[in-house]
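The values are calculated or read from the model by the stated rules, or taken from the named source; none is laboratory data. All of these numbers come straight from a predicted model, not from anything done at the bench. For neighbour counting, all protein chains shown are included, and Cβ atoms are generated from backbone atoms with ideal geometry for every residue, glycine included.
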Amino acid sequence: MTPLMHAAYKGRADMCKLLLQHGADVNCNEHEHGYTALMFAGLSGKTDITWMMLDAGAETDAVNSVGRTAAQMAAFVGQHDCVTVINNFFSRARLDYYTKPQGLEKEPKLPPKLAGALHKIIMTTNPNPVKIVMLVKENPLLMDVEALEKCRKVLELICEKCIKQQDMNEVLAMKMHYLSCVLQKCGSFLKEQQDKLDGLIKSLLKGRDSDGFPVFQEKFIRECIRKFPYCDATLLQQLVRSIAPVEIGSDPTALSVLTQAITGQVGFMDADFCTTCGEKGAGKRCSICKMVIYCDQSCQKLHWFSHKKVCKMLQEQREKHEAESASRLQKQAKAESHQALEETTGTLEELSVSQSETTSSQTIPLTTD
């Protein structure tokens, strides 16, 4: 076990960084069971260390003595965040290829100044379109129609390369295609809305009056999937089979199916996700209905225009559900109490009968001379 493996397993990010800076071999697999540093990082559950190993060139397809990859090992011990990081990793070096003129090109396909911003979007593990639009909005370099178009074209090129390469990667291809569709939508809104994306965010968040379900967002994601240019792809066919029969507004949503495909997991049943941007770990509930969750106040403000239409209804549903639950628990407690009383009474009666029988059997009969 090398020092890097040990540091990764113990979750020591500082030590891992130091060892990598001094030339530690990230792909060393001389461990007795064939484990690599990336596998130990996944087992530790530390996403920052997992990302560090990947960024240093760790191979994701290396297997140990039982034929398991780092992602499979992390999934086996329930470290789903690390699985997501591994499955969504795309090295900066692969993107930098497009920042240099190739062949007879006079200028690169992607201006170097846009590489960092685009790489951040590519590396996101949250495919919620609202979150992606937020990432675009927070970077002034991307708030330009021409810049967005260049980024979109590069994403489509990466998508094509993922399909046509020898070890085809349909998952990454689908993700790149989906991101390119979102950037294209951002570009069209920038043209129409005078350099603002607030209108697009509102459109994606707007819920229908009956239950607040974001219909436009659902239709947009379905359309993105439908536009995937490689019709023979197995992943596309699986997505279509999962989504097509589902009525809009029912489960599973297109976003949940796409998220499962991209992250490689069913989802976190024990985690709370922001209603606005879909980020994991949201902890702020609406103070009125207590049914929807947000990252922070800014996400709540963005969603309020839509949520206020159904907030009172959700509050009534929650109160009704709580009342029914309380009534059910009360009835259950009464039934259990009554049953316990009957059992106690029965036990006492049995004890009384047995004592009586014992007394009568021990009575000595009198004899006369």
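For the reader, a short list of remarks on this structure follows.
- Odd one out for residue 80, checked against (1) at pLDDT 90 or above; (2) under 30 Å from residue 155 (Cα atoms): (1)
- Only listed residue being under 21 Å from residue 175 (Cα atoms) and under 26 Å from the mean Cα position of the chain (by Cα), chosen from 84, 69, 99: 84
- Hey, residue 301 assigned to a helix (DSSP H, G or I), modelled with pLDDT under 90 and exposed (fewer than 12 other Cβ atoms within 10 Å of the Cβ) or not: no
- Hits in the range 91-118 (condition: part of a loop (DSSP other than H, G, I, E, B) and either buried (at least 16 other Cβ atoms within 10 Å of the Cβ) or not charged (D, E, K, R) (or both)): 91, 101, 102, 103, 104, 108, 109, 110, 111
- Filter result for residue 209 (loosely packed, with under 12 Cβ neighbours inside 10 Å, touching a residue at least 12 places away in the same chain (Cβ under 8 Å) and assigned by TED's automatic domain parsing to the domain that holds residue 181): yes
- Some residue of the range 158-179 being loosely packed, with under 13 Cβ neighbours inside 10 Å and acidic (Asp, Glu): yes
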